[in-house]
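The values are calculated or read from the model by the stated rules, or taken from the named source; none is laboratory data. Predicted model, so just to flag it, every value in this text is computed and none were measured. No Cβ is skipped: glycine too gets one built from the backbone with ideal geometry, and neighbour counts run over all protein chains shown. Just the protein is used for accessible areas: all its heavy atoms, side chains included, with ligands, DNA and RNA removed. Shrake-Rupley method; radii C 1.70, N 1.55, O 1.52, S 1.80 Å.
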Amino acid sequence: MLRIAKLTDYATVLMVRLAREPGRCFSAAQLADELGVPQPTVAKLLKRLSRAQLLASVRGAGGGYHLARAPHAISVADVVGAIEGPLALTECARGKGNCALERGCATRANWQLINRALRVALEAVSLADMARPHLRPIHVQALQEKMP
């Protein structure tokens, strides 16, 4: 089964919560309590998301974390990349030289195409989209136009 890691799922939930009130600072304890995610996990995610420059932190009373950019300027791909690293469904999608079978592989080009399509789809959905009660439809034609 192809699926994102639990930490990535939690990071997305956390970022969507911040996107609903982009000007507000939240502490790790507030977010953990509100989202039902253990505080050590929230703290770990906040650090990773900050390192990826998706979050900014404010010290002192009333401080905490807030989005570093507007919700429409942060994609789901940004969040996935911050937690899991570059998107690569297969070893050959990471680049040349990562798979011993790549020289004679008949599926390499197609896996790379699938990987690009998934990346484009994740880039097409912003935190602002995710924060809406219903995600707007994304048309396949629009995604095809974005693919190199």
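In table form, for the structure just shown:
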| item | result |
| --- | --- |
| Heavy-atom surface of the stretch 1-139, accessible at 1.4 Å and reported per residue (Å²) | 60 |
| Top of Ile83, Ile114, Ile74 by mean-square fluctuation, Gaussian network on the chain, Cα under 10 Å | Ile114 |
| Whole-angstrom gap from the stretch 58-97 to the stretch 3-37, using each part's C-alpha centre | 13 |
| Sorted peptide list for 27-39, 11-23, criterion being average Cβ within 10 angstrom, highest first | 11-23, 27-39 |
| Separation in nanometres of the label points that stand 7 Å from Cα toward Cβ, at Lys6 and Glu84 | 1.6 |
| Residue (of Ile74, Gln53, Thr41) at the positive-pole extreme of the stretch 30-97, dipole from beta-carbon charges | Gln53 |
| Potential extension, Glu91-Asn110 segment - 0.36 nm per residue separation minus Cα distance | 5.6 nm |
| Answer label, with semi-axes √(5λ) of the Cα gyration tensor in Å calculated from the coordinates and candidates (1) 32, 18, 12; (2) 21, 17, 16; (3) 23, 17, 13 | (1) |
| Local electrostatic count at Pro71 - Lys and Arg +1, Asp and Glu -1, tallied over other residues with Cβ under 13 Å | +2 |
| The chain - percent of accessible surface contributed by carbon and sulfur, probe 1.4 Å | 54 |
| Mean residue ellipticity (222 nm) of the chain, computed from DSSP H runs ≥ 4 via -39,500 (n - 2.57), nearest 500 | -14500 deg cm²/dmol |
| For the chain, built as a Gaussian network whose Cα springs stay under 10 Å, the top-fluctuating residue of Leu46, Leu89, Leu122 | Leu89 |
| Between 0 and 90°, nearest 10: helix 6-20 axis offset from the chain longest Cα axis | 50 |
| Estimated inter-spin distance, Cys25 and Ala100, nm [label 7 Å along Cα→Cβ] | 5.3 |
| Protection proxy ranking of 61-70, 123-132 - average other beta-carbon atoms within 10 Å, highest first | 123-132, 61-70 |
